[in-house]
Amino acid sequence: MGKMTRISISVDEDLLKNFDAFVAERNFPTRSEAMKNIMRDALIQEEWTKGDFVAGNISLVYDHHKPGIVQKLLDSQHDFCEEIVCSQHVHLDHFNCMEIIVLRGKGHRIREILNRLRQIKGLKNIVLTMSGVDY
């Protein structure tokens with residue numbers, strides 16, 4: 001991390017009141033830590049938009065008894081071997097499984113696998129968590 005620089009901003013009182021509630025609800029130790037987190041998130045979003053080298057994970061939940069779903073998940077993932085770092089399979093209960101897929105590469109390629117996985121019927125939930133490597 002580089003040298004710290006102090007900045008100052010002017011905000012509406014209501015906005016500050018709402019932001020302070022946000023800081024408290026999410027247990028940030030200070031406004032500064034909350035702002036740094038928000039700034040990083042904005043920069044990561046920009047990275048993903050530009051298609052730069054990014055990292056992230058896709059988590060999905062499904063009923064493994066649904067015919068063909070496991071094979072469809074595997075087939076989809078095999079087309080993205082360069083982007084997939086690893087995956088983890090978790091048994092949530094007798095019916096439900098969670099798959100966590102860790103990815104890195106160009107943003108557009110990771111979006112491609114997300115869109116491919118979304119097409120599989122029977123997924124109960126699918127979420128992309130975007131991360132950056134420079135912030």
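The values are calculated or read from the model by the stated rules, or taken from the named source; none is laboratory data. Note that the structure is predicted; figures quoted are calculated from it, not measured. Glycine gets a Cβ as well: all are built from the backbone with ideal geometry, and neighbour counts include every protein chain shown. The protein model used for the area step is the full one, side chains on, heavy atoms only, and it has no ligands, DNA or RNA in it. Shrake-Rupley method; radii C 1.70, N 1.55, O 1.52, S 1.80 Å.
Considering the range 1-37 alone, what residues qualify as being of a type outside the set (A, V, I, L, M), open to solvent by less than 80 Å² (accessible area, probe 1.4 Å) and over 22 Å from residue 131 (Cβ atoms)?
Residues satisfying the conditions are 19, 20, 30.
Could you give me the residue pairs with C-beta distances under 9 Å whose first residue belongs to the range 40-66 and is in a loop (DSSP other than H, G, I, E, B) and at pLDDT below 75, whose second residue is open to solvent by 40 Å² or more (accessible area, probe 1.4 Å) and acidic (Asp, Glu) wherever it lies, and which are 6+ apart or on separate chains?
52/46; 52/134
Pairs needed: first member in the range 1-23, within 17 Å of residue 40 (Cα to Cα); second member anywhere, surrounded by 10 or more Cβ atoms within 10 Å (Cβ to Cβ) and of a type outside the set (A, V, I, L, M, F, W, C); C-beta distance under 6 Å; at least 6 residues apart or different chains.
Here the result reads 23/31, each pair linking the range 1-23 to a residue that is surrounded by 10 or more Cβ atoms within 10 Å (Cβ to Cβ) and of a type outside the set (A, V, I, L, M, F, W, C).
Collect the residues in the range 57-73 that are open to solvent by less than 20 Å² (accessible area, probe 1.4 Å) and in contact with a Phe, Trp or Tyr (Cβ under 8 Å, 6 or more places away or on another chain), keeping them in residue-number order.
Kept after step one, since they are open to solvent by less than 20 Å² (accessible area, probe 1.4 Å), are these residues of the range 57-73: 58, 60, 62, 69, 73.
Correct list: 69, 73.
Taking the stated definitions as given, is residue 100 aliphatic (A, V, I, L, M), touching a residue at least 24 places away in the same chain (Cβ under 8 Å) and closer than 23 Å to residue 47 by Cα? Step through it out loud before you land on a result.
On the way: aliphatic (A, V, I, L, M): yes; touching a residue at least 24 places away in the same chain (Cβ under 8 Å): yes; closer than 23 Å to residue 47 by Cα: yes.
It is true that residue 100 is aliphatic (A, V, I, L, M), touching a residue at least 24 places away in the same chain (Cβ under 8 Å) and closer than 23 Å to residue 47 by Cα.
Within the range 74-89, restricting attention to residues that are open to solvent by 50 Å² or more (accessible area, probe 1.4 Å), touching a Lys or Arg at 6+ places or on another chain (Cβ under 9 Å) and assigned to a loop (DSSP other than H, G, I, E, B), which residue is farthest from residue 56 (Cα to Cα)?
79
Failed condition for residue 28, given (1) assigned to a helix (DSSP H, G or I); (2) at pLDDT 90 or above; (3) under 30 Å from residue 15 (Cα atoms), with all others met?
(1)
Mind checking which residues of the range 106-125 are within 20 Å of residue 44 (Cα to Cα) and not acidic (Asp, Glu)?
Start the filter on the range 106-125 by keeping residues that are within 20 Å of residue 44 (Cα to Cα), which leaves 106-115.
106, 107, 108, 109, 110, 111, 113, 114, 115 - these are the residues of the range 106-125 that are within 20 Å of residue 44 (Cα to Cα) and not acidic (Asp, Glu).
Can you name every residue in the range 90-124 that is open to solvent by 80 Å² or more (accessible area, probe 1.4 Å) and in a strand (DSSP E or B)?
The answer is 91, 104, 106, 124.
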